[in-house]
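Step one of this worksheet: look at the structure below.
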Amino acid sequence: MLINGQKINAPFRREIRFPRVEGDIVFTAQAVACSDEFDQLCPEIEPKVERDLNGNVTRVLHDDPAYIKKFRERGVKKFDFQVLKCLVDVTWETVDLKDPESWKNWRNEAREIGLSDIEIMVMLNKIVECLNPTQEVVEEARKSFLAQKDQKVS
């Protein structure tokens, strides 16, 4: 795709800065498409089904408590995975991207470097903005893009 005649090959990025006297803590969040990778690591949860004597499905048990629990757990894992994939240049000590059970550890690591729960929520909001930019964020990015283009023309 071309925008104003230029090929764009850069995902949306957002800086996340937390001021500190000793030096700011700065993360870079970048929009990523990671559904295929996630689905390989955490396959879809299928509900149990009831069958008739001929083996035909008569009812899909979406209300099964075990299914609901696994479905919710998968949703949390997907969110954690997206957070991990969006944060650029972070080396995790207790998170292994190939191990879904370790993904939840990112919150503890964030607290260990001194982020408060509110700062973690701010970080999550900025990551969500990267994945689904608000109109305000899109307009800000457009102005920045056009300003860069104007500088190249000058």
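The values are calculated or read from the model by the stated rules, or taken from the named source; none is laboratory data. Please read all numbers here as calculations on a predicted model, not as lab measurements. When we count neighbours, we look across all protein chains shown, and the Cβ atoms used for this are built from the backbone with ideal geometry, even at glycine.
Listed here are the residues, each with its yes/no results for (1) of a type in the set (Asp, Glu); (2) under 26 Å from residue 12 (Cβ atoms); (3) under 18 Å from the mean Cα position of the chain (by Cα).
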residue	(1), (2), (3)
34	no, yes, yes
42	no, yes, yes
45	no, no, no
64	yes, no, no
100	no, yes, yes
108	no, no, yes
112	yes, no, no
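Being in contact with a helix residue (DSSP H, G or I) (Cβ under 9 Å, 6 or more places away or on another chain), of a type in the set (A, V, I, L, M, F, W, C) and touching a residue at least 40 places away in the same chain (Cβ under 8 Å) is the filter here, so list the residues in the stretch 102-129 that pass it.
Within the stretch 102-129, 115, 123, 124, 127 meet the criteria.
Restricting attention to the stretch 100-138, which residues are at pLDDT 75 or above and either over 22 Å from residue 26 (Cβ atoms) or not in a helix (DSSP H, G or I) (or both)?
Listed by number, the residues that qualify are 100, 101, 102, 103, 104, 113, 114, 115, 116, 132.
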